[in-house]
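Undergrad: Quick one: the structure is below, questions incoming.
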Amino acid sequence: MNSLEERHQKELTELRSTISRLCDRLDSSTGVERGLSQTSVDSPADCRVEDGDTFDIVACGTVRENEWEELYTFFDEKCRTVIAFMDDQLYSAAHIVRKHPLMSTVICVIASKAVRPDKYASYLAAADRLISATFSGAVDLHTVQAMMLLVAWTGRHRLWNYIISLAVELGLNRAARSLADVSIEHTADLVGSARTWFSLCSFDLMMNLDRPSAIHNIVDYLSVAARLLVSPHCRPVDYRLCTYLQGFAITAEARAQIPVSELQLHPLPESVAQVLTSLDEKIDRWFYHINNSMEPLYQTFARKQDRNRFMVPYAFLKTYVNGLALRGMETQHGRLDPNRIPFLQIALDSTCLLLQTQFESKDFRQMLPYSGDYNLVTTYHAIDFIPKALRVSRGVVNGGLVLLRLRQGAQMLEEAGATVAASEVREEVQLLEQTMQASSPLEGAAAELDQAVGETLFDIPNLLSE
């Protein structure tokens, strides 16, 4: 370990020395102002400085002063709470963030998708060069956090394993485990490192629903996360982070408890049905706690629509767990497996709730063109599930209402700029309409209800009696 640290320190020293020589050469040959005027945003300077005392994203030439102010302001006002379980306090004031190479560049990438889309590709290329520099250079906590944001917003999921490896190198996993040791002082740095690790765990659980988690023994960390709530450095985001971890831990529990081979059996074994029922009830209790027991300060967000924010992960979890009954579902001698139908109905109802919640949120739909790679993860899951479920459940679910929600999903995809995917969904809707044996008698009523509701919000249901 000592030799590894010495090698990293040597590489960092060499990197700083090289950058210092390049900066001296630039100052002596062109001057700072000339360098800025010659550096087009379409071809940003290849600055890889890791020292916040010498780096400045404007002086580097990646952006101009007015562009940085515009991009940071937009990000600060519109983007910092999009990922609810990420600590928005990691975004320091503009004059501080602009001195961190990767974080400042990632902010430009995210905000430019909305306000300067013609510059998006050049900012993303600058971020890629900075990330490539981490392959052999030193990294810090903000670098890892910046990479997490970039991957979430751009959908570059292949980088998750690399980010996790950097986090382990920085000891973030050890910081997380240390929270369980009462003999260790909870310093601000320790808690901040642990918080970042738990955020990585949340990403891992969300992005690897049908694959093994990238973090080894991830379940072991989930119970430790609650220690954030008793830390002297606890922040509001910790309540939301722990809530998301508790919810998505149910999906990990489902994978661990239900072998795929048993999901393929016909009829669905009673033991599997009992596990699915138990997990579904656990999701309801999780959601009930959010709306009846959690401190409102930590439950809610600033804008009105955000009071329904947990409705999306709730519906998503219900869809995933109950939707497991779809695996292996097929007709036998022309008859459906009746053991699976109740779970399929719950899953389809949940997809409808998820798409309805998103469709009725003006904020959600307005930000889709620049946040789609993250915000549409649950939308795509719902849209992908509906056709598969409808093909094997015609006559036992309200097909008209489900297709209505599917059309709304296609509209959201189109608004997000995913026009090809939106067209494919609409074609799927037409095929489903043609193959459905009969229209649901509630289809017209559902359409009238949606027209009457329009953009209004609905209350969160009180699912369990107190």
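Undergrad: Let's see if you can work this out: charge +1 on each Lys and Arg Cβ, -1 on each Asp and Glu Cβ, no other charges. What is the dipole magnitude of region 352-418 about its Cα centre, in debye to the nearest 20?
TA: I would put it at about 360 debye.
Undergrad: Okay, moving on. Need the full-extension length gain, Arg64 to Arg158, defined as separation in residues times 0.36 nm minus the C-alpha distance. One decimal, nm.
TA: Numbers: separation 94, 0.36 × 94 = 33.84 nm, distance 3.13 nm.
The span from Arg64 to Arg158 would gain 30.7 nm if fully extended.
Undergrad: So how much slack lies between Lys362 and Phe135, counting 0.36 nm per residue of separation and subtracting their Cα-Cα distance, in nm?
TA: Taking Lys362 through Phe135 to full extension adds about 77.7 nm, to one decimal.
Undergrad: Let me ask something else. Net charge near Asp210, counting Lys/Arg +1 and Asp/Glu -1 over other residues with Cβ under 11 Å of its Cβ?
TA: Surrounding charge for Asp210 is +3.
Undergrad: For the pair Leu209 and Ala273, what calculated FRET efficiency results from E = 1/(1 + (r/R0)^6), where r is the Cβ-Cβ distance and R0 = 30 Å, to the nearest 0.05?
TA: After rounding to 0.05, the efficiency reads 0.90.
Undergrad: What is the distance, in nm, between label points placed 7 Å from the Cα along the Cα-to-Cβ direction at Leu265 and at His289?
TA: For Leu265 paired with His289, the spin-label model returns 3.1 nm.
Undergrad: For an R0 of 35 angstrom, estimate the FRET efficiency from the Cβ-Cβ distance between Asp76 and Glu281 and round to the nearest 0.05. Kindly include the intermediate steps, with their values, before the conclusion.
TA: Numbers: r = 41 Å, r/R0 = 1.16.
Given R0 = 35 Å and the Cβ-Cβ separation, E is 0.30.
Undergrad: Taking 30 Å as R0, compute the FRET efficiency from the Cβ-Cβ separation of Glu433 and Ser223 and round it to 0.05.
TA: Working: r = 47 Å, r/R0 = 1.58.
That gives a FRET efficiency of 0.05.
Undergrad: Given Lys113/Lys362; Lys119/Lys362; Lys113/Lys318, which pairs have Cα atoms separated by over 30 Å?
TA: Lys113/Lys318
Undergrad: Separate question: Residues with amide H under 5 Å of Asn339's amide H, sequence separation 5 or more or different chain, H placed in the peptide plane at 1.01 Å from N; which?
TA: Leu268
Undergrad: In whole Hz, what ³J(HN,Hα) sequence does region 368-382 give by Karplus (6.51, -1.76, 1.60; θ = phi - 60°), x for Gly and Pro?
TA: With coefficients 6.51, -1.76 and 1.60, one gets 4, x, 10, 10, x, 4, 9, 5, 8, 4, 6, 4, 4, 4, 5 Hz.
Laboratory data are not the source of any read-out in this text; all were calculated from the coordinates shown. A quick note: this is a predicted structure, and the numbers were derived from the prediction, not measured. With ideal geometry, Cβ positions are generated from the backbone for all residues, glycine too; neighbour counts draw on all protein chains shown.
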